[in-house]
Amino acid sequence: MPTIEPAATVEALLTEFHKLTPQLSEHDFPAVDFHA
Amino acid sequence: MIAGCKTIEEAGTKLRAREVSAVELAQESLARIHAAQPRFNAFITITADLALEQARRADEDLAHDIDRGPLQGIPYALKDVFATRGIPTTCGSKIFRNRMTDHDSDAYEKLTAAGAVLMGKTGLHEFAYGITSNNPHFGAIRNPHDPERIPGGSSGGSGVAVAAGLVFFAMGTDTGGSIRVPAAYCGCVGLKPTYGRVSRDGVFPLGFSLDHIGPLAGTVHDAALVMKVIAGFQAVAGDITGRRIGVPRSFFLERLAPEVDRAFHQALAHVEGLGAHLIPIDVPDPAAISTIGRLILLSEASALLKPYLDRREDFGPDVLSLLEQGLLVSAADYIDAQRLRRIYQQRWMEIQDHVDFVFTPTTAIQAPPIGQDKVRIDGSEEDVRLASTRFVRPFNVLGLPALSIPSITNGLPAGLQIVGKSGSDEDLLAFAGSAFSPHSG
């Protein structure tokens, strides 16, 4: 039976995340908005 | 239903016709809260004396023709992260069990000025950091449709208080679905407004760049009345004919519980029957957006609560685990997550040029039993937390307004999520109010 495991540990999450970062370039600035 | 009134508008009409007093509404609400508390555990603090005092003031004002608007004399509740001077604000935590603030939250100030009557502070997942509302310090909050099931979270007590008819509306917070998930699981309306639309002043944070404030209510119209008071909403026309509804081809229709799938397609057929156009769309990778959101939240929550991590034994195990994971995320990865976030925000804006709203299910499942960690969907097991949040978290990252509307299927509610354009909260509520009012066919 296949099992869909969450990225339950931070390592698994970071592995997924690092697949996304190659699309970043020096033109991409953070979208931080700490609106209160 | 309080004093025979299903909605805020009905209660307001009766108040102004002197068919019921605010004190009578408050007394009936209090009686319902006390009767329900052993069964559902929706409240952490019940503010009976304050409620009766505020209700008496509302009656006096109405007697002198001082009309403070649609929430005057209306019983409501605040999630226990909204600061209220003189009343504890626990955040559902052992660490803040006796915490008192020297200020009121902006939302509470506005609601008080509008004459609304605070019945108490509702329970939540510890520090709003989870979706079960199975709180180790204040006890599990229970679903009004089946007390053996979770109400969702983190605003679980607010969802129960509204869905069980204990109050007319309740305020919640939503960092990764914490208004919409309990709305879907308990069977009420829940609005996560556009990011920044409602002031967070005086509300204990969780994820600084992901937190949103919004109402849970019995109807879309009631939610709009609350937004009028806390965010200056203006009424707009709720046209349905010709509106373009984006229906994602992938992700949001995958791995759905059968009843959720059925309810979602019924909603699509309903709005199409009213003259809206359904448009299949390809959405920018929601799984990637969720990954970005989870990484941002891990970092921001751990930065916030790090000063208390020397009291490990005072945290529940799930929250402690998340806080420790967040400490392992590097600053560079956090910054990259915020950079990626902007890319996906721009991609999502491009698809919104072609549609007015996007429809998705709110959650992939209906409320699971308390203590159950996994659910089985389409022959596969999935973590309850992910099955509950994978459709809602992307819109915290994107900052878009998202509304959950309930439908009852097999005795348990399922939620329809309607996502609008940034800043178009009034249009979103007007459309949803017209399309899903009791009189819309």
Taking the range B:157-184 only, how many residues are touching a Ser or Thr at 6+ places or on another chain (Cβ under 7 Å) and either farther than 23 Å from B:Cys5 by Cα or among the β-branched types (Val, Ile, Thr) (or both)?
8
If the requirement is being out of contact with any strand residue (DSSP E or B) (no Cβ under 8 Å at 6 or more places or on another chain) and over 25 Å from B:Ile141 (Cβ atoms), which of these qualifies: B:Gln27, B:Gln72?
B:Gln72
Which of the residues that make up the range B:51-98 are more than 18 Å from B:Met119 (Cβ to Cβ) and among the polar types (S, T, N, Q)?
B:Ser93, B:Asn98
Inside the range B:342-391, the number of residues satisfying the requirement of being touching a Gly at 6+ places or on another chain (Cβ under 8 Å) and either facing another protein chain (nearest Cβ under 9 Å) or assigned to a helix (DSSP H, G or I) (or both) is 5
For the range B:381-415, name all the residues that are touching a Pro at 6+ places or on another chain (Cβ under 7 Å) and within 20 Å of B:Gln352 (Cβ to Cβ).
B:Phe391, B:Pro394, B:Pro401
Looking at the range B:272-280, can you tell me whether even one residue there is of a type in the set (Val, Ile, Thr) and over 17 Å from B:Asp336 (Cβ atoms)?
yes
From the list B:Ser29, B:Ser105, B:Ser21, B:Ser93, which residue is crowded, with 23+ Cβ neighbours inside 10 Å and more than 23 Å from B:Pro215 (Cβ to Cβ)?
B:Ser93
Exclusive hit being farther than 18 Å from B:Ala164 by Cα, of a type in the set (A, V, I, L, M, F, W, C) and part of a helix (DSSP H, G or I), set B:Leu62, B:Leu30, B:Leu25:
B:Leu62
Taking the range B:399-441 and keeping only residues that are assigned to a helix (DSSP H, G or I) and surrounded by fewer than 24 Cβ atoms within 10 Å (Cβ to Cβ), one is left with B:Glu426, B:Asp427, B:Ala430, B:Gly433, B:Ser434
Determine, yes or no, whether B:Glu300 is facing another protein chain (nearest Cβ under 10 Å) and at pLDDT below 95.
no
Restricting attention to the range B:150-203, which residues are part of a loop (DSSP other than H, G, I, E, B), of a type in the set (A, V, I, L, M, F, W, C) and away from chain A (no Cβ under 14 Å)?
B:Ile150, B:Ala164, B:Leu166, B:Val167, B:Phe168, B:Ile179, B:Cys188
Within the range B:122-136, the count of residues that are more than 13 Å from the chain's Cα centre (by Cα), crowded, with 24+ Cβ neighbours inside 10 Å and outside any loop (DSSP other than H, G, I, E, B) comes to 3
Please work out which one of (1) surrounded by fewer than 16 Cβ atoms within 10 Å (Cβ to Cβ); (2) within 14 Å of chain A (Cβ to nearest Cβ) is the condition B:His277 fails and give its number.
(2)
Just for strands (runs of 3 or more DSSP E) wholly inside the range B:206-303: which have at least 2 residues that are without any contact (Cβ under 8 Å) to a residue 40 or more places away in the chain?
B:277-281
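The values are calculated or read from the model by the stated rules, or taken from the named source; none is laboratory data. What you see is a predicted model; the values in this text were computed from it and never measured. Cβ atoms come from the backbone with ideal geometry, glycine included; neighbour counts cover every protein chain shown.
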